[in-house]
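Enquirer: What follows is a single structure, and I will ask about it in a moment.
The values are calculated or read from the model by the stated rules, or taken from the named source; none is laboratory data. Just so you know, these numbers come straight off a predicted model, no measurement behind them. All Cβ positions, glycine included, derive from the backbone under ideal geometry; neighbour counts span all protein chains shown.
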């Protein structure tokens, strides 16, 4: 890597990672947990219902499940769903292509990294523990914020905890609500295509996958975005 990449212009102050669907492919696990829970109360929840909530806060999911007949409190629904997803993770961790490699490459450069997820702490902490090398120095989870994505609070909190300017951060996301959150917070938001459709009409950089993507590639996207802002 050239010395040019070490200048403030070309190197972000931090990398802020979404988790579900970006680092680990847990979206199918969440949908399985939702279907099982609703059906246990005699209701119906489809795969499409689950897709409609990708990237949103768990309290919203809980209220939707209540409307389908789940007679539990919001807190109990969140706990049941989270525990079921963790059970599935203990069997197999479905890492997203290229994510682990990119996390390791950023760690090698010394750039701080944080997790910014709407999953609650029990889930976020478990995933962070499973990532080889434990490259994440901060975790912002859904139970630590007042407003959920697409509100910018989570990304603002992530940058604050790392002690960096949020406008000098890169955020990596897989959902429209997550990209909206990251963009409105002021980050350079990068979308990675996965389950739900992403569009670049808001100026986001959209990647088909992280497989084969390097830190230099991300630095180039960051630099181009900052040049446009300037």
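Rundown of residues vs (1) buried (at least 18 other Cβ atoms within 10 Å of the Cβ); (2) at negative phi; (3) modelled with pLDDT of 95 or more, yes/no style:
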position: 152; (1), (2), (3): yes, yes, yes
position: 155; (1), (2), (3): yes, yes, yes
position: 165; (1), (2), (3): no, yes, yes
position: 171; (1), (2), (3): yes, yes, yes
position: 185; (1), (2), (3): yes, yes, yes
position: 210; (1), (2), (3): yes, yes, yes
position: 219; (1), (2), (3): yes, yes, yes
position: 225; (1), (2), (3): yes, yes, no
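Enquirer: Where in the range 121-214 are there helices (runs of 4 or more DSSP H), lying wholly inside it, with at least 3 residues that are within 16 Å of residue 22 (Cα to Cα) and in contact with a strand residue (DSSP E or B) (Cβ under 7 Å, 6 or more places away or on another chain)?
Expert: 121-130
Enquirer: Also: When you check residue 150 against the structure, is it farther than 25 Å from residue 101 by Cβ and touching a residue at least 12 places away in the same chain (Cβ under 8 Å), yes or no?
Expert: Spelling it out, residue 150 is indeed farther than 25 Å from residue 101 by Cβ and touching a residue at least 12 places away in the same chain (Cβ under 8 Å).
Enquirer: Please specify each residue of the range 4-34 satisfying the condition of being under 16 Å from residue 220 (Cβ atoms) and modelled with pLDDT under 95.
Expert: 4, 5, 6, 7, 8, 9, 10, 11
Enquirer: Do you know which residues across the range 88-111 are more than 21 Å from residue 142 (Cβ to Cβ), touching a residue at least 40 places away in the same chain (Cβ under 8 Å) and part of a loop (DSSP other than H, G, I, E, B)?
Expert: Of everything in the range 88-111, those that are more than 21 Å from residue 142 (Cβ to Cβ), touching a residue at least 40 places away in the same chain (Cβ under 8 Å) and part of a loop (DSSP other than H, G, I, E, B) turn out to be 97, 98, 111.
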